Amino acid sequence: MGDFFAGWRDRVDANSRRAVDLYVRELAEFRRIAIAPKARAAMLDFAVFLRRRTISLVAEGLPFTDADLSFIAGVGRERAASGVSFAAQRDVLRLHHSLMLREMDETAGRDDLDDVMRTLAWWPAQGLAAPAAYTRGYLFGQGTILSEVDRVRQLTSLVVADDPAAAELAGILAVTVPDRPLVVVCRMPAGPPVPDGRTRTEVSAHLLSRQRTPLRWEEPGEFVAVVADAAAAERMVRDFVESTGLPAAAGASQAARNGLAVAFASAREISRAAPVRTAPVTVHHLTDLFAEVGAARLPPVDGWLREVSGLLATGPRLVGTLDALYRNDMSRSRTAASLDIHPRTLDYRLRRVRDLTGLDPVSVRGVRILSAVVNRALTGPL
């Protein structure tokens, strides 16, 4: 063993104390745990173990043993059982890596380049095994304090953020994340009724029993699920609306590999441009609402559509009439039947639309503008 490794080993106790002091100072949850002297001593012992074992293995060019990784995973389980949040355990891993690199730099002398390079070469292949085991143990340990719904909610947050830890947790929970998933967002209009926490949990548990897929509420009026395809999305939205009994708007976006965060943002944007409906609720894609999504991104255009909507609001149920007309492919007979009105009443309403807006509802220009106006009018308050 060269001078570099010997010097690094000599600093283990001091470096470990510095690490624990940093965790306690920077992380409130570790500060809470460290109030108990026994718990703080255990944190210090673990910091010493990690450093001594890492130095020995780097010097010998060996990986962590199964016994090492099992012990590290056990510490992760204890952290979960003590109530440490997922965010805090990620923060402590980040701090640990930063400190280890700092300690190596502080130890290295001008003649230690070869040993430093050996350490840097060892780290990507072997050094990441310890935090992976810690995280795995932590995720298993959460099963003792969190319900399945809460754990799936956490998984979904990881999935839509493209977090690498999602794969580990999905395996533990036996939840399938498709290779090219579809992200679905159901939005309920703002205002009452708002599902309370108990209702959200019950609905989530029911939906999980129907489709074993990542899902969660974005409190209080937004629900997200990650499903395999369009058929699964339609089933999820149908079950969701039936379970809540509330009107909703649904948007979906296909994710590229490692691109779920982008798909989630897109599905959310589509849902906010989609019309709110009672069952059945259509799952909209960007191809369905590209004009409305584009308008929402441009305040002057969106404002103009809202002004036209305001004109329609002065007539006899004109927004609902146009909505029925376009949903029935502009068939007058089917539209009148769906509205339970006489065809002459329908013709009168369409004339009122022309009079108020200057747009013929069945012309190319009228359809292009008024269909977007109707959908924006039916989005409800955001």
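The values are calculated or read from the model by the stated rules, or taken from the named source; none is laboratory data. Source: prediction; values computed, not measured. Ideal geometry is used to build each Cβ from the backbone, glycine not excepted, and the neighbour counts take in all protein chains shown. What goes into the accessible areas is simple: the full protein's heavy atoms, side chains included, and nothing from ligands, DNA or RNA. Shrake-Rupley method; radii C 1.70, N 1.55, O 1.52, S 1.80 Å.
Laid out as a table, the results:
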read-out	value
Cross-chain or 6+ apart pairs with Cβ under 9 Å, region 77-94 first and on the phi > 0 side of the Ramachandran plot, then at pLDDT 90 or above and of a type outside the set (S, T, N, Q)	83/29; 83/32; 83/33; 83/145
Residue check for residue 49: assigned to a helix (DSSP H, G or I), open to solvent by less than 20 Å² (accessible area, probe 1.4 Å) and more than 23 Å from residue 146 (Cβ to Cβ)	no
Filter result (surrounded by fewer than 23 Cβ atoms within 10 Å (Cβ to Cβ), touching a Lys or Arg at 6+ places or on another chain (Cβ under 9 Å) and not in a helix (DSSP H, G or I)) within region 230-250	247
Residue 379 vs. criteria part of a helix (DSSP H, G or I), open to solvent by less than 40 Å² (accessible area, probe 1.4 Å) and touching a Lys or Arg at 6+ places or on another chain (Cβ under 9 Å)	no
Residue in region 259-281 that is more than 24 Å from residue 202 (Cβ to Cβ), within 19 Å of the chain's Cα centre (by Cα) and modelled with pLDDT under 90 present	yes
Per-region count, region 176-202, residues at negative phi and either touching a residue at least 60 places away in the same chain (Cβ under 8 Å) or open to solvent by less than 10 Å² (accessible area, probe 1.4 Å) (or both)	12
Residue pairs meeting the criteria (Cβ under 7 Å; at least 6 apart or on separate chains; first among the basic types (Lys, Arg), in region 125-153; second open to solvent by 50 Å² or more (accessible area, probe 1.4 Å) and assigned to a helix (DSSP H, G or I))	136/168
Residue count, region 251-288 (criterion: in a helix (DSSP H, G or I) and not β-branched (Val, Ile, Thr))	14
Odd one out for residue 362 among (1) open to solvent by 30 Å² or more (accessible area, probe 1.4 Å); (2) over 24 Å from residue 247 (Cα atoms); (3) assigned to a helix (DSSP H, G or I)	(3)
Residue in region 54-62 that is touching a Lys or Arg at 6+ places or on another chain (Cβ under 8 Å), open to solvent by 30 Å² or more (accessible area, probe 1.4 Å), touching a residue at least 40 places away in the same chain (Cβ under 8 Å) and farther than 30 Å from residue 144 by Cβ present	yes
Cβ-Cβ under 8 Å pairs, at least 6 apart or on other chains, region 20-39 side closer than 20 Å to residue 97 by Cβ, far side of a type in the set (A, V, I, L, M, F, W, C) and not in a helix (DSSP H, G or I)	20/34; 23/34; 24/34; 29/84; 30/84
Selection count, region 146-195, where residues are of a type outside the set (Asp, Glu), within 29 Å of residue 245 (Cβ to Cβ) and assigned to a helix (DSSP H, G or I)	11
Any chance residue 307 is within 28 Å of residue 191 (Cβ to Cβ), of a type in the set (Asp, Glu), open to solvent by less than 30 Å² (accessible area, probe 1.4 Å) and out of contact with any strand residue (DSSP E or B) (no Cβ under 6 Å at 6 or more places or on another chain)	no
Members of region 1-22 found to be in contact with a helix residue (DSSP H, G or I) (Cβ under 8 Å, 6 or more places away or on another chain) and over 23 Å from residue 56 (Cβ atoms), listed by number	22
Enumeration of residues in region 15-34 that are in a helix (DSSP H, G or I) and within 28 Å of the chain's Cα centre (by Cα)	23, 26, 28, 29, 30
Positions within region 96-125 being over 18 Å from residue 53 (Cβ atoms) and surrounded by 16 or more Cβ atoms within 10 Å (Cβ to Cβ), in sequence order	108, 112
Within region 63-87, considering residues that are of a type in the set (A, V, I, L, M) and surrounded by 18 or more Cβ atoms within 10 Å (Cβ to Cβ), the one nearest to residue 143 (Cα to Cα)	80
Residue in region 270-282 that is closer than 23 Å to residue 214 by Cβ, charged (D, E, K, R) and open to solvent by 30 Å² or more (accessible area, probe 1.4 Å) present	yes
